[in-house]
């Protein structure tokens with residue numbers, strides 16, 4: 001009996017249009033309320049499945065800037081802190097995640113991401 | 001004793017002949033290390049001392065004797081990737097998120113948003129008008 005295989009993107013919940021090798025864009029429906037996308041330091045990007053394709057593209061472009069910041073070692077995060085060092089000449093700043101408003105455009109890394117995406 | 005150019009040249013030749021006993025294309029034994037920091041390092045000894053160190057999983061010491069501190073608490077056996085904790089398991093939620101309430105403004109997206117201006121305005125709606133104050137600009141009473 002013949003059967004049709006589902007494409008792997010459908011099986012794993014990957015957004016094929018924006019995914020790249022090493023940077024899979026994973027559709028999620030359990031992100032926090034109001035959150036459109038997240039960049040993880042393992043190179044993955046979580047995007048809300050409720051968004052339109054156009055909005056996903058915009059969100060992925062933004063999150064890719066964060067991935068680039070992570071890859072160059074300027075930005076890093078742990079369970080309870082975010083570390084930012086703009087360049088080799090600027091001081092390293094450590095923010096407590098419990099005290100900060102995550103994703104706020106006033107942060108330097110966010111400002112950079114909004115300008116570049 | 002003054003060193004003449006010829007004397008210096010012959011000395012350099014001697015040094016060079018010792019250093020390059022075999023031509024650069026021929027294979028040769030590595031020979032003793034020269035220059036700064038040429039002390040013998042025992043890898044076995046270094047490994048043994050590395051094993052002896054009792055540090056928390058969050059802190060791993062490197063081979064140079066200093067402490068390499070992994071902020072993400074990279075724990076477990078660094079030598080075997082199967083026993084190692086993956087990074088994503090340590091911190092599951094990312095702080096780098098597009099939060100539409102922050103970008104578009106809470107008034108557009110938030111359900112629980114309260115327009116403070118409007119709320120305050122309501123309180124003033126039924127307020128009686130203030131009594132008119134006497135006009136003292138001109139000297140009408142005089």
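With the requirement that a residue be in contact with a strand residue (DSSP E or B) (Cβ under 6 Å, 6 or more places away or on another chain) and within 8 Å of chain B (Cβ to nearest Cβ), what does the stretch A:57-81 give you?
Quick first cut of the stretch A:57-81, residues in contact with a strand residue (DSSP E or B) (Cβ under 6 Å, 6 or more places away or on another chain) only: A:59-60, A:62-63, A:66-67, A:69, A:75-76, A:81.
Result: A:59, A:62, A:63, A:66, A:75, A:76, A:81.
Which count do you get for residues in the stretch A:82-95 that are facing another protein chain (nearest Cβ under 8 Å) and buried (at least 18 other Cβ atoms within 10 Å of the Cβ)? Step through it out loud before you land on a result.
We begin by selecting, within the stretch A:82-95, every residue facing another protein chain (nearest Cβ under 8 Å); these are A:82-83.
Right, trim to buried (at least 18 other Cβ atoms within 10 Å of the Cβ) and you get A:82.
Qualifying residue count for the region: 1.
Anything in the stretch A:96-117 that is more than 9 Å from chain B (Cβ to nearest Cβ), assigned to a helix (DSSP H, G or I) and either under 18 Å from residue A:35 (Cα atoms) or in contact (Cβ under 8 Å) with a residue 60 or more places away in the chain (or both)? List them, or say none.
Selection gives A:111 alone.
Among the residues of the stretch A:2-36, how many are part of a loop (DSSP other than H, G, I, E, B) and on the phi < 0 side of the Ramachandran plot?
Kept after step one, since they are part of a loop (DSSP other than H, G, I, E, B), are these residues of the stretch A:2-36: A:2-7, A:13, A:15-19, A:21-22, A:24, A:29-34.
Checking which are on the phi < 0 side of the Ramachandran plot leaves us with A:2-7, A:15-19, A:21, A:24, A:29-33.
Of the residues in that region, 18 qualify.
Residues of the stretch A:16-35 being surrounded by 15 or more Cβ atoms within 10 Å (Cβ to Cβ), closer than 22 Å to residue A:71 by Cα and in contact (Cβ under 8 Å) with a residue 12 or more places away in the chain, which ones?
First pass over the stretch A:16-35, keeping only residues surrounded by 15 or more Cβ atoms within 10 Å (Cβ to Cβ): A:18-19, A:23-28, A:31, A:34-35.
Filter once more, so that each one left must be closer than 22 Å to residue A:71 by Cα: A:18-19, A:23-26.
A:18, A:23, A:24, A:25, A:26 - these are the residues of the stretch A:16-35 that are surrounded by 15 or more Cβ atoms within 10 Å (Cβ to Cβ), closer than 22 Å to residue A:71 by Cα and in contact (Cβ under 8 Å) with a residue 12 or more places away in the chain.
When you scan the stretch A:6-20, how many residues do you find that are over 14 Å from residue A:59 (Cα atoms) and modelled with pLDDT of 85 or more?
Step one: of the stretch A:6-20, the residues over 14 Å from residue A:59 (Cα atoms) are A:6-14, A:16, A:20.
Checking the rest, the ones that are also modelled with pLDDT of 85 or more come to A:13-14, A:16, A:20.
So the count comes out to 4.
The values are calculated or read from the model by the stated rules, or taken from the named source; none is laboratory data. In this text the structure is predicted, and so the values were computed from the model without any measurement. As a convention, Cβ positions derive from the backbone with ideal geometry for all residues, glycine included, and neighbour counts pool all protein chains shown.
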